[in-house]
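Just so it is clear, none of the values below were taken in a lab; they were calculated from the coordinates. What you see is a predicted model, and the numbers here were worked out from it, not measured in a lab. Because the Cβ atoms are built from the backbone with ideal geometry, glycine has one as well, and the counts that use them run over all protein chains shown.
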Amino acid sequence: MSEQIIHFEEYQLGSVRLTTGRTITETDFVVHAGHTGDFFPHHMDAEFAKTLPGGQRIAHGTMIFSIGVGLTASLINPVAFSYGYDRLRFVRPVHIGDTIRTRVTIAAKDDDPKRPASGRVTERCEVINQRDEVVLAADHILIVERKKT
């Protein structure tokens, strides 16, 4: 993990970074179900899942969100903090054995109405599978300090 100071003015619209990959395992399913209490049969019952269109268990969307966001945590910017996520969508199912990565694109820069010394940067986060298909999308909003003048 590295630290890099990037002020609001330095973010470039359209710039993209891609994380490393992470293969989803059965252990991920079990641990996430245990943490959340979500033992829905679509995630945990292999026999039931055979009746689903994909014929196999589907990863918890919240797990893919958590792992996808975690993959982006390789860069620490001490003049920015997370304001939250908007527009979260589970686009395609993820299965055991799929490998996911996250593509982060700077999608918007706006003034922050509450903090004149900062701005809002929107990162479009797209979790993609090994076939480069988007499986999850969300907008991450950062509050980022402006350069002091």
message: Can you compute the FRET efficiency between Thr23 and Phe81 using 1/(1 + (r/R0)^6), with r the Cβ-Cβ distance and R0 = 41 Å? Round to the nearest 0.05.
response: 0.85
task: Count charges around Phe8 for me, please; just the other residues with Cβ under 12 Å from its Cβ, Lys/Arg as +1, Asp/Glu as -1.
output: 0
task: Work out the P(r) tail for segment 17-66: percent of alpha carbon pairs separated by more than 15 Å, whole number.
output: 47
message: What does the net charge come to around Ala108 if you take all other residues with beta carbon closer than 13 Å to its beta carbon, with K and R at +1 and D and E at -1?
response: -2
- prompt: Using a Förster distance of 25 Å, how high is the FRET efficiency between Ser74 and Arg131, based on the Cβ-Cβ distance and rounded to 0.05?
  reply: 0.60
query: Using only the Cα atoms of the chain, what do you get for the radius of gyration and for Dmax, in Å?
result: 17.6, 63
statement: Rounded to the nearest 10 degrees, the helix 61-71 long axis (Cα) sits at an angle to the longest Cα principal axis of the chain of 50
statement: So for R0 = 35 Å, FRET eff. of Val16-Thr62 from the Cβ-Cβ r, to 0.05, ends up at 0.90
query: Per residue of the chain, what 222 nm ellipticity follows from adding -39500 (n - 2.57) for every DSSP H run with n ≥ 4, rounded to the nearest 500?
result: -5000 deg cm²/dmol
Relative contact order computed over segment 8-109 (Cα-Cα under 8 Å; 6+ residues apart), in percent: 51
query: Between Leu88 and His7, what is the label-to-label distance in nm when each label sits 7 Å out along the Cα-to-Cβ direction?
result: 3.4
